[in-house]
Protein chains: 2
Amino acid sequence: MNWANGTHDTEEGDGVPWDLNVDDVERVAIGAGILGTGGGGNPRQGALRAKMQLAEGLRLRVIGLDELPDDALVVPMGGMGAPTVGIEKMSRGDEGKLAVRAVENYLGQPVLATVPVEIGGGNSFAPMIAAAQLGLPTVDADGMGRAFPESQMVSYYFDGSSPEFVVMIDALHRKVIIENVRPTKTLEVISRAMCVQMGGTAMVADAPLTLKRLRETCIPNTITHAHRVGDAVMTAQHTGEDPIAAVCNVTSGRVLYKGKISDVHRRVERGYNFGHLDLIGLDEWQGSHADIDLQNEYLICRVDGVPIAIVPDLITLVDSERGTPITTEVVRYGLRVTILGIPAPEQLKTEQALQYVGPAAFGYDLPFTPLPPS
Amino acid sequence: MNWANGTHDTEEGDGVPWDLNVDDVERVAIGAGILGTGGGGNPRQGALRAKMQLAEGLRLRVIGLDELPDDALVVPMGGMGAPTVGIEKMSRGDEGKLAVRAVENYLGQPVLATVPVEIGGGNSFAPMIAAAQLGLPTVDADGMGRAFPESQMVSYYFDGSSPEFVVMIDALHRKVIIENVRPTKTLEVISRAMCVQMGGTAMVADAPLTLKRLRETCIPNTITHAHRVGDAVMTAQHTGEDPIAAVCNVTSGRVLYKGKISDVHRRVERGYNFGHLDLIGLDEWQGSHADIDLQNEYLICRVDGVPIAIVPDLITLVDSERGTPITTEVVRYGLRVTILGIPAPEQLKTEQALQYVGPAAFGYDLPFTPLPPS
């Protein structure tokens, strides 16, 4: 692959409409991995599947938030499940297409586009892959600007609304439609239990939003943002600059810690990965310890027991040399990693949003202390 | 209530089409309780709900297996859940109607009748109540001739087929559609897990059968049979004859044991009631002990440790004085009961059927030794 072949204008949202090529997919994968804070499904798997669509002559089309009529129906979607299960239990590849078709059939109305529920990890690609197979575009936006483990943690529903229904499809093409469950937290509990029954992973498509409503509730331009982050990493790798500094530059992020993974505790529970990482410091952090809690995603980072970053701010692990993301399902003893702290999008930091994605929503009796911009 | 007001010809299947009146409901409740072998949902609750339909001027219409065209769509339905939950968590009353409507909408075709999945317990009434609210009849048949705890134990699916989909509705009107899950045993596992999420009970409607297919796979005339059993009990109560002898007479059943309940172990597990009863003998059984295992329904009866009746034959507990059924959710210490053994319908005793409802299907390493006809 020629790193310089990325065709896309990397200013967020500027380059749409846009057909991703193979090099763009690489960039989005790296950027979505970094924004995914360890979760959202394995980005390499997602990228491989996305490239398969291109190899079959299908288009990965991304459009802006004003390129369809206000009342166009857009389906939010993504894979559900524990990342450690997702990386072992391969998807069939057409679950997303079937899920969108099921939404259309159930509603009796055509869907005009898909949109990610979360830009993080492989879930950046899930809506693009489904759309490619259906000849539809994907809207350049998402509901998190990162990844979170639960369905109620999507900005589309921060106003207390819930999807009227969701469709779940698994790799055996088993289909489940769950309707009229409120609040969205309860929908999460019920659909997660179903996901466990489906083997631990499933593709989930929500009842569609109108483009107008999506525009009012989304984190905009996050596919192009992920591309820009990935492009920064790859460009720095090529030119010999520091890829981590490049990531910080395009994300307003900062290095929180450098160290070596000294222990990984990870378990599958109720359909999520829960766990804990321990690190011992390197470079200027020599002699200190850090630790990170995870629920599919990295939630809180402490140094010598003192919290230094917490949800909804992004805590992400990258390879200290290459700047590439290290997700929760592959992190392991001995890796030399840099912990990055990236300020969450403003939409996640309102009082209303913090009810869904703040420290208390994850069981922490701590205030949300935002990372200062770097 | 005037016991003699039962309007129905009590020879099975002869009196249809037939509109049940209040007295018929009483008879069906007693008969379905006896045929329910302890499960199928509380028959008194079902009867109360059925009478409410009559009080509102609705009709509880029962038709025979040849009163609609062969291709008429008939929805098998019944309540799912642990009986101990069902008796505490009241249904809303219109779940069945919504479930049938959801089946029609999902399929895009009208349903012409309902039919019980099991005649036992309150589930004899569930399809009639839904049908009453929809202005439809219920077919005089079911899929068990009794009650069983699991979805694959329905004669409609003994050939290895599965419902293409099922609709579940709970008392909050939450709706779940599960499609393309095979075999039916797996559908049971998945829908049971969903039922637990729905609070432990839900109304379930299966994808419809054609009347032709229903005729080929059902246990026929079981609503009229339940009525006949209940009528035998009430008539004997009125005339001072032995109601238990009357039940044996119309069911080819026999008294297996008389005794006093000395202990009840009952727990809710995975959405079922599991448990065990101990009895000490009375009358000719004085000095002996009996015990019964249950999974929603009574499964096996042993006297002094020796099995004397086992599924699929019907093991049912009745009040020793009145002949009325004692279901698994209300059985308690100190009751004086008679254990009846009733030969299962022939359709449950084929080699194919025994794979689904024989002793091994419930984990017993015992052959099925049928009760001889009395």
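Assorted remarks:
- Axis angle, to the nearest 10 degrees, between helix B:22-35 and the longest C-alpha principal axis of chain B: 60 degrees.
- A:ASP263/A:ARG182 FRET efficiency (R0 56 Å; Cβ-Cβ; nearest 0.05): 0.90
- Farthest toward positive dipole pole in region A:4-103 [+1 Lys/Arg, -1 Asp/Glu at C-beta], among A:GLY33, A:MET90, A:LEU54: A:MET90
- Residue-span extension gain [A:LYS212 to A:ASP242] - 0.36 nm each, minus C-alpha spacing: 6.8 nm
- Antiparallel content of DSSP bridges confined to region B:3-222, in %, to 5: 75
- FRET E, pair B:LYS89, A:ASP365, Förster distance 25 Å, beta-carbon r, rounded to 0.05: 0.15
- Helix A:222-239 and the longest principal axis of the Cα set of chain A meet at an angle near 40°.
- Each other copy places its own label point for B:GLU164 at 2.4 nm from this one, sorted shortest first, where the point lies 7 Å along the Cα-to-beta carbon line.
- Every Cα-Cα pair in region A:243-362 was counted, and those over 17 Å apart are 55% of them.
- Cβ-vector label at 7 Å, B:PRO183, separations to other copies in nm: 4.4
- At q = 0.12, 0.17 Å⁻¹ the log10 of I(q)/I(0) for region A:55-211 amounts to -0.44, -0.93, computed by Debye summation with a single uniform scatterer per C-alpha, solvent ignored.
- Adding -39500 (n - 2.57) for every DSSP H run of four residues or longer, then dividing by how many residues chain B holds, sets the calculated 222 nm ellipticity at -8500 deg cm²/dmol.
- Kirkwood hydrodynamic radius (C-alpha pairs) into Stokes-Einstein, region A:115-196, 10 °C and 1.306 mPa s, D in µm²/s: 117
- Computed over the protein assembly as shown, the convex hull of the alpha-carbon atoms projects to a mean area of 35.5 nm².
- By the beta-carbon count within 10 Å of each Cβ, the least crowded to most crowded order of A:THR222, A:THR350, A:THR217, fewest first, is A:THR350, A:THR217, A:THR222.
- Between region A:46-93 and region B:294-355, the alpha-carbon center distance in angstrom: 54
- Proxy reagent accessibility, fewest Cβ within 10 Å first, across A:LEU366, B:LEU335: A:LEU366, B:LEU335
- Here the extension length gained between B:TYR333 and B:VAL306 equals 7.5 nm, from 0.36 nm per residue of separation less the Cα-Cα distance.
- Karplus-derived HN-Hα couplings along region A:58-70 (A = 6.51, B = -1.76, C = 1.60, θ = phi - 60°), whole Hz, x at Gly and Pro: 8, 9, 9, 9, 10, 10, x, 7, 10, 9, 9, x, 3
- Separation of alpha-carbon centers, region B:101-171 and region A:98-113, rounded to whole Å: 28
- Table column - 3J(HN,Hα) (Hz), region A:149-162, Karplus curve with 6.51, -1.76, 1.60, x for Gly and Pro: x, 10, 5, 7, 9, 10, 4, 4, 10, 5, 7, x, 6, 9
- All-pairs Cα distance distribution in region A:24-87, expressed in whole percent, bin size 10 Å: 18, 41, 34, 7
- In straight-distance terms, cross-link reach from A:LYS212 covers every one of the lysines whose alpha-carbon lies under 27 Å from its own, apart from those fewer than eight places away in the same chain; here that gives A:LYS97, A:LYS185, A:LYS349.
- In summary, the lysines within cross-link reach of B:LYS260, defined as a Cα separation below 30 angstrom excluding same-chain residues under 8 places away, comprise B:LYS89.
- For B:LEU314, the residues 5 or more places off, or on other chains, whose built amide H falls under 5 Å of its own are B:ILE342, B:ALA344.
- Straightening the chain between A:ASP66 and A:ASP19 buys 15.2 nm, computed as 0.36 nm per residue apart minus the Cα-Cα spacing.
- Its relative contact order, with pairs defined as Cα atoms under 8 Å and 6+ residues apart, puts chain A at 20 percent.
- Label-point spacing for A:GLY108 across the identical copies (point 7 Å from Cα in the Cβ direction), in nm and ascending order: 1.1.
- Legend: P(r) of chain B from all alpha carbon pair distances, 10 Å bins from 0, whole percents, reading 6, 27, 37, 24, 7, 1, 0.
- Cβ-to-Cβ counts within 10 Å put A:THR239, B:THR114, B:THR37 in ascending order as A:THR239, B:THR114, B:THR37, the fewest first.
- Rounded to the nearest 20, the Cβ-based charge dipole of the protein assembly as shown about its Cα centre (Lys and Arg +1, Asp and Glu -1) stands at 580 debye.
- Under Karplus coefficients 6.51, -1.76 and 1.60, residue-wise ³J(HN,Hα) of region A:259-274 in Hz, glycine/proline x: x, 10, 5, 9, 6, 10, 10, 8, 9, 9, 9, 6, x, 10, 8, 10
- Chain B comes nearest to the axis taking it onto chain A at the Cβ of one residue; that residue and its distance, in whole Å, are B:ILE177, 2.
None of the figures in this text is laboratory data; all of them are computed from the coordinates on show. Because the structure is a prediction, the values reported are computed rather than measured. Quick reminder, even Gly has a Cβ in these numbers, built from the backbone with ideal geometry, and neighbours come from all protein chains shown.
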